[in-house]
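Written below as C-alpha cells is the structure these notes are about.
The values are calculated or read from the model by the stated rules, or taken from the named source; none is laboratory data. Model, not experiment: these values are computed from the prediction. Glycine also receives a Cβ, built like all others from the backbone with ideal geometry; neighbour counts cover every protein chain displayed.
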Amino acid sequence: MSLTKKIRDKKVNFEFNKEFINVFSKKIKDNDTEFLNRTLKEQHPADSADLIENLIPENRSKLIELEGFNLDPEIFIELNESIQTEIFILLSTESIVNILKRSESDNALKILENLDEKKKSTVLAKLPPKDRFILQEALSYPEDSAARIMQREFTAIPSNWSVGQTIDYLRENKDLPEEFLEIFIVDSNFKPIGTAPSSKVLRTAREAKMNSIMNEMQVLIPVKMDKEEVGHIFENYNLVSAGVVDKDNKLVGMITGDDVFTVLKEEAEEDVLRLAGVGDEVITDSILKKTKRRFNWLLLNLFTALLATWVISKFGAAIEQMVALAFLMPIVASMGGNAGMQTLAVTIRALATKELSSGNFGKIITKEFVIGILNGIIFAIITGIIVQLWFKEINLSILIAVAMILNMIVAGLFGILVPVSLKKFKIDPAIASSVFVTTITDVIGFLSFLGLGAYFIYN
C-alpha cells in the first residue's frame with residue numbers, strides 16, 4: 001500500500017488530517033512533483049481542491065510555482081474564489097489560457113469572471129478565435145443570467161435522423177460533451193422540438209426515427225433568465241438538464257443539474273451571510289479583508305443602537321422613579337428582536353423560493369398577526385408572573401405584560417413587511433432586513449414599555 005493511500009484512508013468527513021497535509025507539504029518542499037501530481041489525480045477534484053486550500057499560503061504558492069506541476073482545470077474550478085485569485089497572481093498568462101482551453105465553456109467562464117479586467121483582456125486575446133467568441137458572448141450577458149451558467153457544449157441532432165444515424169454520430173464526433181444524459185432534437189432552424197434520453201436511444205432499434213421516440217414536453221430556459229429563477233425551475237420540475245434558447249428560440253446551450261445545485265447553494269449561502277452582515281465572506285479571506293467587510297454593517301448597527309438609546313433617554317425621569325424599569329427593558333427588547341428575526345428568516349426563505357406572492361400575502365400577514373398575539377399573550381403571562389414574584393408589584397407586572405404583547409405583534413408584522421418592502425424596491429431583503437427589524441422592535445419595545453411605565457408613575 002502506498003503512503004498516499006495509507007494516509008488518505010484516514011480522512012474523516014471529507015476533511016484531511018494533519019498528517020496527510022504535513023506529508024503533502026514536505027513533498028512540496030522536496031520538489032517531488034511526481035508524488036504531488038499523482039496524489040491530486042488519484043482523488044476527486046473537490047477533495048484535491050480541499051487539500052490545496054488547507055495548505056499554508058507559503059506552501060500553496062510553492063506548489064503552483066513548481067516546475068512540472070500540472071494544475072488540473074477540474075481542481076481549479078473547485079477552489080473557492082479567494083484561493084483562485086491568489087493563484088491567478090502566481091500563474092502566467094499562458095498557464096491561465098491553457099487551463100481555460102482544457103475546461104468546459106461554463107467552467108472556463110467562471111474562471112474568467114474572477115480575473116481583473118486587464119488580465120481578462122490579455123487572456124482572451126491569446127485564446128483560439130472560437131473559444132474567445134464563446135466567452136466574449138457569454139460575458140455580454142448580465143452577470144446573474146442563465147447565459148453565465150450554461151455550457152455551450154451539447155448534443156443536438158435533426159428530427160429526421162434515425163436512431164442508427166444518431167448513435168454513429170455520437171461515436172464519431174469528437175466535439176461533443178464528455179458526459180450527457182439528454183439529446184436535443186432540433187428542426188431546420190435549430191429550434192428545439194423535443195428531447196430523447198441517451199438510455200432510450202441505446203435501447204431503441206437503429207431504424208426507428210428520433211422524432212418517434214422524443215419527448216415533446218420540454219422545459220426551455222431563456223438565455224437572459226435570472227439564474228436564481230433557473231434554480232427554482234429545476235427544483236420545481238425535478239430536471240436533470242434543460243436547453244437554453246435565445247430570443248429567436250434557437251438552442252444555444254444547456255444547463256445541467258450540478259450547475260444549478262451550485263447556484264442554489266451560493267444563493268442560500270449569500271442570503272445567510274448577508275443576513276448576518278458579512279457579505280460573501282469566505283473562511284480563507286485575510287483578516288484585513290474580513291474586517292473591512294464587517295465594518296460598514298457594524299457601523300450601521302451602531303447608529304440604530306443610538307436611536308434606541310435616544311428613545312430610552314427620553315424616559316430618564318421615569319426610570320429614576322422606578323429603577324426596576326431599567327432591569328426589565330432588555331427582556332422586552334430581546335423577546336421582540338428574536339420574534340422578529342424568526343418571522344424575518346421565514347419570510348426571506350419564502351421570498352427566495354417564490355412561496356410568498358401577492359396572492360397569499362394578505363393571508364400570511366394575518367397569520368403573523370395572530371401568531372404575534374398568541375405568543376405575546378403566552379409570554380406576557382409567563383413574564384408577568386415572574387415579575388410579580390420578583391418585585392411584588394402588580395402595576396409593573398401588567399406593564400411588562402402589555403408591552404410584551406405589543407412588541408410581539410410589531411415584531412411579527414415588521415418581520416414580514418420589511419423584507420417584502422425591500423424586495424418591492426429591488427433591494428435584496430437579506431442585506432438590510434435584520435437591521436431594520438431589530439431597530440423597529442427595539443424602538444417599539446422601549447417606547448411601549450417605558451411609555452406605559454411613565455403613564456403608571458405620573459397618573
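If you check V263 against the conditions, is it closer than 27 Å to S145 by Cβ, modelled with pLDDT of 80 or more, outside the structural domain of T438 (by TED's automatic domain parsing) and out of contact with any Asp or Glu (no Cβ under 6 Å at 6 or more places or on another chain)? Before you say what the answer is, go through the steps one by one.
Numbers: closer than 27 Å to S145 by Cβ: yes; modelled with pLDDT of 80 or more: yes; outside the structural domain of T438 (by TED's automatic domain parsing): yes; out of contact with any Asp or Glu (no Cβ under 6 Å at 6 or more places or on another chain): yes.
Considered against the rule, which asks whether it is closer than 27 Å to S145 by Cβ, modelled with pLDDT of 80 or more, outside the structural domain of T438 (by TED's automatic domain parsing) and out of contact with any Asp or Glu (no Cβ under 6 Å at 6 or more places or on another chain), V263 comes out as yes.
Answer yes or no: is there a residue in the range 427-441 that is crowded, with 23+ Cβ neighbours inside 10 Å, without any contact (Cβ under 8 Å) to a residue 40 or more places away in the chain and in the same structural domain as A333 (by TED's automatic domain parsing).
No, the range 427-441 contains no residue that is crowded, with 23+ Cβ neighbours inside 10 Å, without any contact (Cβ under 8 Å) to a residue 40 or more places away in the chain and in the same structural domain as A333 (by TED's automatic domain parsing).
For the range 200-221, which residues satisfy the criterion of being touching a helix residue (DSSP H, G or I) at 6+ places or on another chain (Cβ under 9 Å) and of a type in the set (D, E, K, R)?
Passing the criteria: K200, R206, E207, K209.
Mind telling me which of the residues S121, S140 ends up being surrounded by fewer than 19 Cβ atoms within 10 Å (Cβ to Cβ), more than 27 Å from the chain's Cα centre (by Cα), under 30 Å from I96 (Cβ atoms) and among the small types (G, A, S)?
S121
Could you run through the range 23-62 and say how many residues are in contact (Cβ under 8 Å) with a residue 24 or more places away in the chain and under 30 Å from the mean Cα position of the chain (by Cα)?
Total satisfying the criteria: 20.
If a residue has to be of a type outside the set (D, E) and either more than 17 Å from S95 (Cβ to Cβ) or not assigned by TED's automatic domain parsing to the domain that holds L112 (or both) to count, how many in the range 50-80 make the cut?
7
It is to be established whether one or more residues within the range 229-243 are of a type in the set (S, T, N, Q), in contact (Cβ under 8 Å) with a residue 24 or more places away in the chain and part of a loop (DSSP other than H, G, I, E, B).
No, that holds for no residue.
Only one of L356, L351, L406, L399 is touching a residue at least 60 places away in the same chain (Cβ under 8 Å), part of a helix (DSSP H, G or I) and either polar (S, T, N, Q) or crowded, with 20+ Cβ neighbours inside 10 Å (or both); which?
None of the other options fit; the residue is L351.
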